[in-house]
1. Please find, within segment 119-174, the residue that is nearest to G98 (Cα to Cα) out of those that are of a type in the set (F, W, Y), open to solvent by 70 Å² or more (accessible area, probe 1.4 Å) and not in a loop (DSSP other than H, G, I, E, B).
2. Report the residue count in segment 11-33 for those that are assigned to a strand (DSSP E or B) and open to solvent by less than 20 Å² (accessible area, probe 1.4 Å).
3. In segment 345-369, what count of residues is obtained for those that are open to solvent by 20 Å² or more (accessible area, probe 1.4 Å) and in contact with a strand residue (DSSP E or B) (Cβ under 8 Å, 6 or more places away or on another chain)?
4. Mind checking which helices (runs of 4 or more DSSP H) fall wholly inside segment 234-340 and carry at least 1 residues that are small (G, A, S)?
5. Pairs, please: C-beta under 8 Å, at least 6 apart or cross-chain, first residue in contact (Cβ under 8 Å) with a residue 40 or more places away in the chain and within 15 Å of G133 (Cα to Cα) and in segment 103-115, second open to solvent by 60 Å² or more (accessible area, probe 1.4 Å) and not in a helix (DSSP H, G or I)?
6. Among the numbered criteria (1) touching a Cys at 6+ places or on another chain (Cβ under 8 Å); (2) free of Cβ contacts under 8 Å to residues at least 40 places away in the same chain, which one does Y174 miss?
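The values are calculated or read from the model by the stated rules, or taken from the named source; none is laboratory data. Treat the numbers as computed from the prediction; the structure is a model and nothing was measured. Quick reminder, even Gly has a Cβ in these numbers, built from the backbone with ideal geometry, and neighbours come from all protein chains shown. Ligands, DNA and RNA are excluded from the accessible area calculation, which covers all protein heavy atoms including side chains. Shrake-Rupley method; radii C 1.70, N 1.55, O 1.52, S 1.80 Å.
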Amino acid sequence: MKDSTPKYSRLSPFIATIKHREDLCRTCPEKNTHHIIIDLKNSGLTYEVGDCLGVYPVNDPILLDRTLVAMKVSGDETVEDKKTGEAYPLREYLRIKGNITDISRKLFKEIVARQSNAEKKEKLEFLLAKENGTALKEYLYGKHLWDVLSYHHEVEFTPQEICDMLMPLLPRFYSIASSQGVVNDEVHLTVKLLSYEAHGHPRQGVCTHYLCNLAPEEEPIVPIFVQPHKGFTVPEASHVPIIMVGPGTGVAPFRAFMQERIATGAVGKNWLFFGEWRREHNFLYQDFWLDLENQGKLRLDVAFSRDQDEKIYVQHLLADRGKDVFQWINEGAHFYVCGDAKYMAKDVDTALHDIVRIHGGFSEEEAKAYIKQMRKDKRYLRDVY
(Lines give C-alpha, C1' and ligand atoms only; values in the text may rest on other atoms or scores of the structure.)
Protein backbone atom coordinates (compact mmCIF):
# COMPACT_ATOMS: atom_id res chain seq x y z
CA MET A 1 0.00 0.00 0.00
CA LYS A 2 1.33 3.45 -0.96
CA ASP A 3 2.17 5.74 1.95
CA SER A 4 0.00 8.85 1.58
CA THR A 5 1.71 10.70 4.44
CA PRO A 6 3.32 13.94 3.21
CA LYS A 7 7.12 13.75 3.14
CA TYR A 8 7.41 17.21 4.67
CA SER A 9 5.30 18.78 7.41
CA ARG A 10 5.32 21.23 10.30
CA LEU A 11 7.38 18.75 12.32
CA SER A 12 9.61 17.89 9.37
CA PRO A 13 9.92 20.95 7.09
CA PHE A 14 11.57 21.08 3.68
CA ILE A 15 14.75 23.16 3.63
CA ALA A 16 14.06 25.47 0.71
CA THR A 17 15.94 28.05 -1.33
CA ILE A 18 14.91 31.63 -2.04
CA LYS A 19 15.16 31.82 -5.82
CA HIS A 20 14.30 35.48 -6.29
CA ARG A 21 13.36 38.48 -4.19
CA GLU A 22 12.25 41.94 -5.32
CA ASP A 23 10.80 45.05 -3.74
CA LEU A 24 7.26 45.70 -4.97
CA CYS A 25 6.98 49.18 -3.48
CA ARG A 26 9.10 51.12 -5.95
CA THR A 27 11.53 52.67 -3.46
CA CYS A 28 8.77 53.72 -1.07
CA PRO A 29 10.54 55.06 2.06
CA GLU A 30 7.60 54.18 4.34
CA LYS A 31 6.74 50.66 3.22
CA ASN A 32 8.78 47.69 2.10
CA THR A 33 6.86 44.81 0.52
CA HIS A 34 8.67 42.02 -1.28
CA HIS A 35 7.70 39.43 -3.87
CA ILE A 36 9.59 36.30 -2.87
CA ILE A 37 9.96 33.19 -5.03
CA ILE A 38 10.88 30.00 -3.19
CA ASP A 39 12.24 26.99 -5.09
CA LEU A 40 10.43 23.69 -4.44
CA LYS A 41 12.54 21.61 -6.82
CA ASN A 42 13.05 18.01 -5.63
CA SER A 43 10.74 18.53 -2.65
CA GLY A 44 7.62 16.86 -3.99
CA LEU A 45 5.65 19.56 -2.18
CA THR A 46 2.30 20.43 -3.73
CA TYR A 47 -0.18 23.15 -2.85
CA GLU A 48 -3.55 24.52 -3.90
CA VAL A 49 -4.60 28.13 -4.33
CA GLY A 50 -5.76 29.41 -0.97
CA ASP A 51 -3.14 27.43 0.96
CA CYS A 52 -0.59 29.09 3.23
CA LEU A 53 3.12 28.51 3.50
CA GLY A 54 4.56 27.97 6.96
CA VAL A 55 8.06 29.41 7.40
CA TYR A 56 10.40 28.83 10.33
CA PRO A 57 12.53 31.98 10.83
CA VAL A 58 15.82 32.44 12.64
CA ASN A 59 16.73 35.35 14.89
CA ASP A 60 18.82 38.26 13.68
CA PRO A 61 22.57 37.93 14.59
CA ILE A 62 22.59 41.51 15.93
CA LEU A 63 19.66 40.67 18.19
CA LEU A 64 21.46 37.51 19.31
CA ASP A 65 24.60 39.47 20.24
CA ARG A 66 22.61 41.94 22.32
CA THR A 67 20.78 39.08 24.05
CA LEU A 68 24.01 37.26 24.96
CA VAL A 69 25.53 40.46 26.36
CA ALA A 70 22.41 41.05 28.46
CA MET A 71 22.56 37.44 29.69
CA LYS A 72 26.24 37.99 30.62
CA VAL A 73 27.35 34.88 28.71
CA SER A 74 29.54 34.01 25.71
CA GLY A 75 27.03 31.91 23.77
CA ASP A 76 29.25 28.83 23.85
CA GLU A 77 27.50 27.43 26.92
CA THR A 78 25.53 24.20 26.40
CA VAL A 79 21.78 24.13 27.00
CA GLU A 80 19.10 21.50 26.47
CA ASP A 81 15.77 21.78 24.72
CA LYS A 82 13.36 21.09 27.58
CA LYS A 83 10.96 19.27 25.24
CA THR A 84 13.38 16.99 23.39
CA GLY A 85 16.39 16.90 25.70
CA GLU A 86 18.61 17.69 22.72
CA ALA A 87 21.75 19.66 23.54
CA TYR A 88 22.67 22.90 21.74
CA PRO A 89 25.29 25.62 22.06
CA LEU A 90 23.41 28.53 23.65
CA ARG A 91 23.83 30.85 20.64
CA GLU A 92 22.42 28.21 18.29
CA TYR A 93 19.48 27.48 20.58
CA LEU A 94 18.59 31.16 20.75
CA ARG A 95 19.07 31.51 16.98
CA ILE A 96 16.63 28.79 15.92
CA LYS A 97 14.56 27.79 18.94
CA GLY A 98 13.92 30.64 21.35
CA ASN A 99 11.54 33.57 21.05
CA ILE A 100 13.80 36.41 22.16
CA THR A 101 11.52 39.22 20.98
CA ASP A 102 8.67 38.54 23.42
CA ILE A 103 8.71 38.09 27.18
CA SER A 104 6.75 35.16 28.57
CA ARG A 105 4.68 35.78 31.68
CA LYS A 106 6.61 32.99 33.40
CA LEU A 107 9.93 34.76 32.80
CA PHE A 108 8.51 38.13 33.78
CA LYS A 109 7.20 36.74 37.08
CA GLU A 110 10.59 35.20 37.81
CA ILE A 111 12.32 38.53 37.13
CA VAL A 112 9.94 40.13 39.64
CA ALA A 113 10.68 37.43 42.20
CA ARG A 114 14.46 37.80 41.84
CA GLN A 115 14.67 41.60 41.55
CA SER A 116 16.65 42.94 44.54
CA ASN A 117 16.18 46.62 43.71
CA ALA A 118 13.21 47.64 45.85
CA GLU A 119 12.05 50.47 43.56
CA LYS A 120 12.16 48.33 40.42
CA LYS A 121 10.52 45.41 42.21
CA GLU A 122 7.62 47.59 43.38
CA LYS A 123 6.96 48.78 39.83
CA LEU A 124 7.06 45.23 38.45
CA GLU A 125 4.72 43.94 41.13
CA PHE A 126 2.26 46.71 40.23
CA LEU A 127 2.38 45.60 36.57
CA LEU A 128 1.77 41.99 37.53
CA ALA A 129 -1.49 42.78 39.32
CA LYS A 130 -4.45 41.28 37.49
CA GLU A 131 -6.19 44.64 37.02
CA ASN A 132 -3.08 46.17 35.41
CA GLY A 133 -2.93 43.96 32.33
CA THR A 134 -3.10 46.93 29.95
CA ALA A 135 -0.22 48.67 31.73
CA LEU A 136 1.88 45.48 31.53
CA LYS A 137 1.17 45.18 27.84
CA GLU A 138 2.24 48.80 27.29
CA TYR A 139 5.38 48.27 29.37
CA LEU A 140 6.45 45.25 27.33
CA TYR A 141 5.50 46.68 23.92
CA GLY A 142 8.53 46.71 21.63
CA LYS A 143 10.82 45.30 24.33
CA HIS A 144 12.95 42.30 23.49
CA LEU A 145 14.57 39.90 25.93
CA TRP A 146 17.79 41.90 25.91
CA ASP A 147 15.95 45.13 26.81
CA VAL A 148 14.39 43.62 29.91
CA LEU A 149 17.48 41.73 31.09
CA SER A 150 19.70 44.79 30.56
CA TYR A 151 17.42 47.04 32.59
CA HIS A 152 17.00 44.43 35.33
CA HIS A 153 20.73 43.67 35.46
CA GLU A 154 20.47 42.92 39.17
CA VAL A 155 18.63 39.68 38.34
CA GLU A 156 20.75 36.57 37.79
CA PHE A 157 19.77 33.54 35.70
CA THR A 158 21.65 30.56 34.35
CA PRO A 159 21.42 30.14 30.55
CA GLN A 160 19.35 27.00 31.02
CA GLU A 161 16.87 28.78 33.28
CA ILE A 162 16.26 31.46 30.67
CA CYS A 163 15.92 28.95 27.82
CA ASP A 164 13.40 26.96 29.86
CA MET A 165 11.24 30.07 30.30
CA LEU A 166 11.34 31.36 26.74
CA MET A 167 8.40 30.91 24.44
CA PRO A 168 9.26 28.84 21.35
CA LEU A 169 10.19 30.46 18.02
CA LEU A 170 7.09 29.49 16.06
CA PRO A 171 6.54 29.33 12.29
CA ARG A 172 4.81 32.23 10.55
CA PHE A 173 2.17 31.71 7.87
CA TYR A 174 1.89 33.53 4.54
CA SER A 175 -0.87 33.33 1.96
CA ILE A 176 0.50 31.75 -1.20
CA ALA A 177 0.51 34.20 -4.11
CA SER A 178 0.80 31.70 -6.96
CA SER A 179 -0.93 28.80 -8.68
CA GLN A 180 1.32 25.75 -8.86
CA GLY A 181 -0.26 24.86 -12.18
CA VAL A 182 1.31 28.06 -13.53
CA VAL A 183 4.64 28.35 -11.67
CA ASN A 184 5.43 24.60 -11.28
CA ASP A 185 8.26 24.01 -8.78
CA GLU A 186 7.93 27.40 -7.14
CA VAL A 187 5.86 29.03 -4.46
CA HIS A 188 5.40 32.82 -4.42
CA LEU A 189 4.87 35.00 -1.35
CA THR A 190 3.99 38.66 -0.80
CA VAL A 191 5.78 39.77 2.36
CA LYS A 192 5.62 43.19 3.98
CA LEU A 193 8.62 43.94 6.17
CA LEU A 194 7.48 44.84 9.67
CA SER A 195 9.77 47.63 10.81
CA TYR A 196 9.37 50.22 13.55
CA GLU A 197 11.31 52.00 16.30
CA ALA A 198 10.76 51.43 20.00
CA HIS A 199 12.77 52.49 23.06
CA GLY A 200 15.39 54.16 20.88
CA HIS A 201 16.17 51.15 18.70
CA PRO A 202 14.87 49.90 15.33
CA ARG A 203 12.79 46.72 15.53
CA GLN A 204 11.81 44.25 12.81
CA GLY A 205 9.35 41.42 12.53
CA VAL A 206 11.34 38.22 13.08
CA CYS A 207 10.17 36.34 9.99
CA THR A 208 9.56 39.26 7.63
CA HIS A 209 13.09 40.53 8.37
CA TYR A 210 14.43 37.00 7.81
CA LEU A 211 12.67 36.57 4.46
CA CYS A 212 13.20 40.11 3.15
CA ASN A 213 16.73 40.80 4.41
CA LEU A 214 18.59 38.01 6.17
CA ALA A 215 18.07 34.76 4.27
CA PRO A 216 20.52 34.59 1.36
CA GLU A 217 19.27 33.79 -2.14
CA GLU A 218 20.27 30.53 -3.87
CA GLU A 219 21.08 28.75 -0.62
CA PRO A 220 18.99 25.90 0.87
CA ILE A 221 18.36 27.38 4.28
CA VAL A 222 14.64 28.23 4.74
CA PRO A 223 12.50 25.58 6.55
CA ILE A 224 8.98 25.52 5.04
CA PHE A 225 5.81 23.44 4.92
CA VAL A 226 2.38 23.78 3.34
CA GLN A 227 -0.66 24.61 5.50
CA PRO A 228 -3.81 23.56 3.58
CA HIS A 229 -6.70 25.99 3.32
CA LYS A 230 -10.06 25.36 4.98
CA GLY A 231 -12.32 26.28 2.10
CA PHE A 232 -10.68 29.58 1.14
CA THR A 233 -10.13 28.75 -2.52
CA VAL A 234 -11.64 29.26 -5.98
CA PRO A 235 -15.13 27.82 -6.64
CA GLU A 236 -15.23 24.31 -8.06
CA ALA A 237 -17.63 25.46 -10.78
CA SER A 238 -15.71 27.59 -13.27
CA HIS A 239 -18.73 29.72 -14.21
CA VAL A 240 -19.22 31.13 -10.69
CA PRO A 241 -18.34 34.87 -10.37
CA ILE A 242 -15.93 35.92 -7.64
CA ILE A 243 -15.48 39.21 -5.77
CA MET A 244 -12.10 39.57 -4.05
CA VAL A 245 -11.32 42.21 -1.41
CA GLY A 246 -7.61 42.29 -0.66
CA PRO A 247 -5.88 45.51 0.42
CA GLY A 248 -2.11 45.44 0.98
CA THR A 249 -0.59 41.99 1.21
CA GLY A 250 -4.15 40.65 1.45
CA VAL A 251 -4.03 40.65 -2.35
CA ALA A 252 -1.58 37.71 -2.35
CA PRO A 253 -4.06 34.80 -2.60
CA PHE A 254 -6.04 36.63 -5.26
CA ARG A 255 -3.01 36.71 -7.52
CA ALA A 256 -3.05 32.91 -7.14
CA PHE A 257 -6.82 32.81 -7.74
CA MET A 258 -6.50 34.70 -11.02
CA GLN A 259 -3.54 32.64 -12.23
CA GLU A 260 -5.59 29.52 -11.54
CA ARG A 261 -8.80 30.82 -13.14
CA ILE A 262 -6.99 31.84 -16.31
CA ALA A 263 -4.94 28.62 -16.54
CA THR A 264 -8.04 26.45 -16.15
CA GLY A 265 -10.16 28.50 -18.54
CA ALA A 266 -12.71 29.49 -15.90
CA VAL A 267 -15.49 31.55 -17.50
CA GLY A 268 -16.87 33.19 -14.35
CA LYS A 269 -16.53 36.94 -13.89
CA ASN A 270 -13.79 38.26 -11.60
CA TRP A 271 -13.75 41.50 -9.58
CA LEU A 272 -10.92 42.75 -7.37
CA PHE A 273 -11.02 45.53 -4.78
CA PHE A 274 -7.45 46.52 -3.88
CA GLY A 275 -6.29 49.25 -1.53
CA GLU A 276 -2.96 50.68 -0.40
CA TRP A 277 -1.30 53.97 0.46
CA ARG A 278 -0.15 55.40 -2.87
CA ARG A 279 -0.60 54.35 -6.48
CA GLU A 280 2.93 55.39 -7.44
CA HIS A 281 4.68 53.26 -4.83
CA ASN A 282 2.26 50.67 -3.44
CA PHE A 283 0.19 49.27 -6.33
CA LEU A 284 1.28 45.66 -5.73
CA TYR A 285 1.39 43.59 -8.95
CA GLN A 286 0.10 46.60 -10.89
CA ASP A 287 1.07 45.29 -14.34
CA PHE A 288 -0.60 41.93 -13.71
CA TRP A 289 -3.92 43.47 -12.66
CA LEU A 290 -3.99 46.12 -15.38
CA ASP A 291 -3.18 43.55 -18.05
CA LEU A 292 -6.09 41.37 -16.89
CA GLU A 293 -8.36 44.40 -16.83
CA ASN A 294 -7.33 45.35 -20.38
CA GLN A 295 -8.06 41.80 -21.54
CA GLY A 296 -11.54 42.01 -20.04
CA LYS A 297 -10.78 39.21 -17.58
CA LEU A 298 -10.99 41.32 -14.44
CA ARG A 299 -13.04 44.17 -13.10
CA LEU A 300 -10.69 46.28 -10.99
CA ASP A 301 -11.39 48.92 -8.34
CA VAL A 302 -8.51 50.49 -6.44
CA ALA A 303 -8.33 52.80 -3.43
CA PHE A 304 -5.12 54.66 -2.54
CA SER A 305 -5.78 56.23 0.81
CA ARG A 306 -2.97 58.80 0.81
CA ASP A 307 -3.29 60.08 -2.76
CA GLN A 308 -5.85 62.67 -1.66
CA ASP A 309 -6.79 64.57 1.47
CA GLU A 310 -9.80 62.38 2.21
CA LYS A 311 -8.91 58.79 3.12
CA ILE A 312 -10.52 56.30 0.73
CA TYR A 313 -10.50 52.60 1.61
CA VAL A 314 -11.83 49.41 -0.01
CA GLN A 315 -15.01 49.51 2.08
CA HIS A 316 -15.81 52.91 0.56
CA LEU A 317 -15.40 51.50 -2.95
CA LEU A 318 -17.68 48.59 -2.05
CA ALA A 319 -20.37 50.99 -0.84
CA ASP A 320 -20.03 53.13 -3.98
CA ARG A 321 -20.40 50.04 -6.20
CA GLY A 322 -23.05 48.53 -3.94
CA LYS A 323 -25.72 48.02 -6.60
CA ASP A 324 -23.39 46.00 -8.83
CA VAL A 325 -21.88 44.15 -5.89
CA PHE A 326 -25.30 42.98 -4.79
CA GLN A 327 -26.21 41.99 -8.33
CA TRP A 328 -23.12 39.80 -8.57
CA ILE A 329 -23.82 38.25 -5.17
CA ASN A 330 -27.44 37.63 -6.09
CA GLU A 331 -26.20 35.88 -9.23
CA GLY A 332 -24.23 33.48 -7.02
CA ALA A 333 -20.85 35.21 -6.70
CA HIS A 334 -18.45 34.11 -3.98
CA PHE A 335 -17.23 36.99 -1.81
CA TYR A 336 -13.67 36.77 -0.44
CA VAL A 337 -11.84 38.98 2.05
CA CYS A 338 -8.15 38.68 2.91
CA GLY A 339 -5.99 40.87 5.15
CA ASP A 340 -6.21 42.82 8.39
CA ALA A 341 -8.72 41.34 10.84
CA LYS A 342 -8.75 44.16 13.39
CA TYR A 343 -10.03 46.99 11.20
CA MET A 344 -10.38 46.25 7.47
CA ALA A 345 -12.28 42.98 7.69
CA LYS A 346 -14.76 44.47 10.19
CA ASP A 347 -15.32 47.54 8.01
CA VAL A 348 -15.80 45.38 4.91
CA ASP A 349 -18.27 43.18 6.78
CA THR A 350 -20.25 46.26 7.80
CA ALA A 351 -20.21 47.50 4.19
CA LEU A 352 -21.41 44.12 2.93
CA HIS A 353 -24.33 44.08 5.38
CA ASP A 354 -25.28 47.60 4.27
CA ILE A 355 -25.08 46.62 0.59
CA VAL A 356 -27.33 43.60 1.08
CA ARG A 357 -29.78 45.60 3.18
CA ILE A 358 -29.97 48.63 0.88
CA HIS A 359 -29.79 47.02 -2.54
CA GLY A 360 -31.62 43.85 -1.59
CA GLY A 361 -34.45 45.80 0.01
CA PHE A 362 -34.06 43.88 3.28
CA SER A 363 -34.45 44.79 6.92
CA GLU A 364 -31.34 44.58 9.13
CA GLU A 365 -32.38 41.16 10.39
CA GLU A 366 -33.09 39.91 6.87
CA ALA A 367 -29.69 41.18 5.69
CA LYS A 368 -27.99 39.36 8.59
CA ALA A 369 -29.84 36.17 7.69
CA TYR A 370 -28.88 36.55 4.01
CA ILE A 371 -25.19 36.90 4.84
CA LYS A 372 -25.37 34.10 7.40
CA GLN A 373 -26.66 31.87 4.61
CA MET A 374 -23.78 33.02 2.38
CA ARG A 375 -21.36 31.88 5.06
CA LYS A 376 -23.17 28.57 5.42
CA ASP A 377 -23.02 28.05 1.66
CA LYS A 378 -19.30 28.92 1.73
CA ARG A 379 -19.91 31.92 -0.49
CA TYR A 380 -18.57 34.47 2.04
CA LEU A 381 -15.04 33.42 2.91
CA ARG A 382 -12.38 35.24 4.91
CA ASP A 383 -8.65 34.73 5.46
CA VAL A 384 -7.87 37.42 8.01
CA TYR A 385 -5.05 37.92 10.48
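1. Within segment 119-174, the subset of a type in the set (F, W, Y) is 126, 139, 141, 146, 151, 157, 173-174.
Now narrow it down to the ones that are open to solvent by 70 Å² or more (accessible area, probe 1.4 Å): 126, 141, 151, 173.
Those left that are additionally not in a loop (DSSP other than H, G, I, E, B): 126, 151, 173.
On the way: F126: 27, Y151: 20, F173: 18 Å.
Among residues in segment 119-174 that are of a type in the set (F, W, Y), open to solvent by 70 Å² or more (accessible area, probe 1.4 Å) and not in a loop (DSSP other than H, G, I, E, B), the one nearest to G98 (Cα to Cα) is F173.
2. Just the residues of segment 11-33 that are assigned to a strand (DSSP E or B), to begin with: 14-23, 33.
Going one step further and asking which of them are open to solvent by less than 20 Å² (accessible area, probe 1.4 Å), we end up with 16, 18, 33.
Residues flagged as assigned to a strand (DSSP E or B) and open to solvent by less than 20 Å² (accessible area, probe 1.4 Å) within segment 11-33 amount to 3.
3. Narrowing segment 345-369 to residues open to solvent by 20 Å² or more (accessible area, probe 1.4 Å): 346-347, 349-350, 353-354, 357-366, 368-369.
Restricting the remaining residues to those that are in contact with a strand residue (DSSP E or B) (Cβ under 8 Å, 6 or more places away or on another chain) gives 349.
Residues in segment 345-369 being open to solvent by 20 Å² or more (accessible area, probe 1.4 Å) and in contact with a strand residue (DSSP E or B) (Cβ under 8 Å, 6 or more places away or on another chain): 1 in total.
4. Working: elements: 252-263, 279-282, 286-294, 314-320, 322-330.
Helices (runs of 4 or more DSSP H) meeting the threshold: 252-263, 314-320, 322-330.
5. From residues that are in contact (Cβ under 8 Å) with a residue 40 or more places away in the chain and within 15 Å of G133 (Cα to Cα), the pairs are S104/M167.
6. (2)
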